[in-house]
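Undergrad: First the structure, which I've put down as structure tokens, then a few questions once you've had a look.
The values are calculated or read from the model by the stated rules, or taken from the named source; none is laboratory data. Not measured: the values here are computed from a predicted model. With ideal geometry, Cβ positions are generated from the backbone for all residues, glycine too; neighbour counts draw on all protein chains shown.
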Amino acid sequence: MFFSGVYVLARKPWVLGVADNTLATAAKLARSIGVKPHFLVFRTWYGGDLQGGLAALRILARAHFPRVTWMCNALAEVTMLRMLGQRAIFCHHNLFCNENTFHIQATPIEYDAIYIARLDAYKRLWLASDIPKLRIITANPLDKERLRLWGCDHACINENFLSYQSIALEINQANCGLALSKKEGGMLAATEYLLCGKPVISTPSRGGREYWLDQSNHLVVAANSSAIADAVHRIEPSKWDPLFIRAGTLERLSIQRRILFDYVCQIATSVSLTSIGQMSGDWLHCQYVHKTEFIKTLTLDH
């Protein structure tokens with residue numbers, strides 16, 4: 001959802017939450033009907049270095065320089081963008097994870113570990129090659145031939161696209177979740193694991209997932225397959241408290257939604273909700289508009 005539409009957060013003026021790779025399309029559609037929104041642009045790839053900062057400026061140029069605030073998953077991104085003269089705040093895009101969909105369920109354990117990841121090189125799936133009972137959930141299962149090249153053809157992979165509810169059940173059937181990239185964005189899956197009460201096995205990384213991790217909910221492991229497999233083997237469910245893991249994640253969700261709520265209230269006179277308590281995962285889901293419905297939604301209230 002997050003990567004194919006916008007979240008309507010206020011109407012006077014229009015305040016729209018959008019992924020950076022969707023900004024150009026959303027801005028073009030808004031211009032076509034004479035609407036000038038304030039876009040809250042969430043970074044989808046780490047941009048805390050000069051290369052990342054310049055990439056943001058190129059995104060802005062392709063969108064013909066609409067009014068934006070950059071919403072960043074890491075403080076380094078905020079610093080870089082402000083150095084480049086941009087308006088930027090720390091506000092993690094994983095706040096859109098739905099805690100009412102991803103929750104603890106009583107179900108038998110089927111897998112040693114689960115990895116929710118695209119079958120792309122940056123996800124480094126080969127690091128999971130030594131895990132015996134490995135579950136992979138991906139958005140591009142037609143590329144599953146890559147698993148053989150990475151030594152993961154023994155993994156159980158989804159054949160078709162799965163609903164969020166189905167993914168949540170799959171997470172609950174694993175002992176832990178994997179986060180193996182060296183660099184990416186905020187990694188939605190990391191928060192989804194934690195909301196289901198599962199500890200995370202992570203490699204050192206840049207991108208923002210570290211915000212959600214603390215000593216009670218994850219292990220950081222060297223980026224080699226034997227170390228990853230050993231860490232998964234050492235995971236003993238009895239030593240991890242699912243309720244505590246989930247509670248800590250809900251607290252971080254609340255903090256990030258408070259940041260978003262307060263910022264929207266600063267820039268809009270008509271906000272779509274009256275209190276931070278209303279900004280649940282279900283409420284955010286209801287504010288989502290797919291790009292195919294974008295013009296109709298804005299035209300109705302314009």
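Undergrad: Inspect segment 253-269 for any residue being in contact (Cβ under 8 Å) with a residue 40 or more places away in the chain and part of a loop (DSSP other than H, G, I, E, B) and give the result as yes or no.
TA: yes
Undergrad: Is one or more of the residues making up segment 98-106 within 24 Å of F244 (Cβ to Cβ), crowded, with 24+ Cβ neighbours inside 10 Å and either touching a strand residue (DSSP E or B) at 6+ places or on another chain (Cβ under 9 Å) or assigned by TED's automatic domain parsing to the domain that holds G48 (or both)?
TA: no
Undergrad: May I pose another question? Which residues, counting only those in segment 170-213, are closer than 18 Å to E99 by Cβ, touching a residue at least 24 places away in the same chain (Cβ under 8 Å) and not in a helix (DSSP H, G or I)?
TA: Across segment 170-213, the qualifying residues are G177, G186, M187, C196, G197, K198, P199, V200.
Undergrad: Condition check: in a helix (DSSP H, G or I), under 20 Å from L169 (Cα atoms) and not hydrophobic (A, V, I, L, M, F, W, C). Does T249 satisfy that?
TA: It is true that T249 is in a helix (DSSP H, G or I), under 20 Å from L169 (Cα atoms) and not hydrophobic (A, V, I, L, M, F, W, C).
Undergrad: Taking G197 and the conditions (1) surrounded by 23 or more Cβ atoms within 10 Å (Cβ to Cβ); (2) touching a Gly at 6+ places or on another chain (Cβ under 8 Å), which numbered condition does it fall short on, given that it satisfies the others?
TA: (2)
Undergrad: Count, please, the residues in segment 50-82 that happen to be in a strand (DSSP E or B) and closer than 20 Å to E210 by Cβ.
TA: The number of residues fulfilling the criteria is 3.
Undergrad: Quick check: anything in segment 110-126 surrounded by fewer than 16 Cβ atoms within 10 Å (Cβ to Cβ) and more than 29 Å from E77 (Cα to Cα)?
TA: yes
Undergrad: What about R67, is it surrounded by fewer than 24 Cβ atoms within 10 Å (Cβ to Cβ) and touching a His at 6+ places or on another chain (Cβ under 6 Å)?
TA: When the stated conditions are applied, R67 passes them.
Undergrad: A follow-up question, please. Looking only at segment 23-60, count how many residues are among the β-branched types (V, I, T), surrounded by fewer than 22 Cβ atoms within 10 Å (Cβ to Cβ) and either under 17 Å from the mean Cα position of the chain (by Cα) or not assigned by TED's automatic domain parsing to the domain that holds V78 (or both).
TA: So the count comes out to 1.
Undergrad: T203 - would you say it is crowded, with 18+ Cβ neighbours inside 10 Å and touching a Phe, Trp or Tyr at 6+ places or on another chain (Cβ under 7 Å)?
TA: no
Undergrad: If you take the residues of segment 107-119 that are assigned to a loop (DSSP other than H, G, I, E, B) and in contact with a helix residue (DSSP H, G or I) (Cβ under 8 Å, 6 or more places away or on another chain), which of them is nearest to D230 (Cα to Cα)?
TA: D112
Undergrad: If you go through segment 13-30, how many residues are polar (S, T, N, Q) and either touching a Pro at 6+ places or on another chain (Cβ under 7 Å) or not in a helix (DSSP H, G or I) (or both)?
TA: Here the count works out to 0.
Undergrad: While we're looking at this one, here's another question. Which condition number in (1) surrounded by fewer than 18 Cβ atoms within 10 Å (Cβ to Cβ); (2) outside the structural domain of H218 (by TED's automatic domain parsing) is the one that E77 fails?
TA: (1)
Undergrad: For G47, all conditions in the list (1) free of Cβ contacts under 8 Å to residues at least 60 places away in the same chain; (2) of a type outside the set (D, E, K, R); (3) not in a loop (DSSP other than H, G, I, E, B) hold save one; what is the number of the exception?
TA: The failed condition is (3).
Undergrad: Suppose we filter A168, A247, A231, A174 for residues that are closer than 30 Å to V78 by Cβ and of a type in the set (G, A, S); which single one remains?
TA: A247
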